[in-house]
Amino acid sequence: MSKYIINQNAQPTGEHEVHKEAICDHLPLPENRILVGYFDTCRQAIAEAKAKWPSNTIDGCAYCCPECHTR
Ligand SMILES: [Zn+2]
């Protein structure tokens, strides 16, 4: 399983990006990372993030979660 984090700050376009922390080189600053949890796939991480923060728009990072990047 991999550790997934979400950027507490939204992108200029409004979405909060989920990252796979171990492999991403486009991570937010450490103080802006919030733990989502440990998952096998980014889809599970995105689902958990949406459940935790239902009012936020959430997307996968284009670099570390390309299969979950939709915007
Ligand atoms: Zn990333």
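Rule-based calculations on the coordinates, nothing more; no lab input. None of these values were measured; they are calculated from a predicted model. When we count neighbours, we look across all protein chains shown, and the Cβ atoms used for this are built from the backbone with ideal geometry, even at glycine.
Brief remarks on what is shown
- Inter-probe distance in nm under a simple model that places probes 7 Å from Cα toward Cβ, at Arg71 and Ala47: 2.1
- Mean separation of Cα contacts under 8 Å, 6 or more apart, over the residue count of the chain: relative contact order %: 35
- Only the Cβ atoms of Lys and Arg (+1) and of Asp and Glu (-1) were treated as charged; on that basis the dipole of the chain about its Cα centre amounts to roughly 140 debye.
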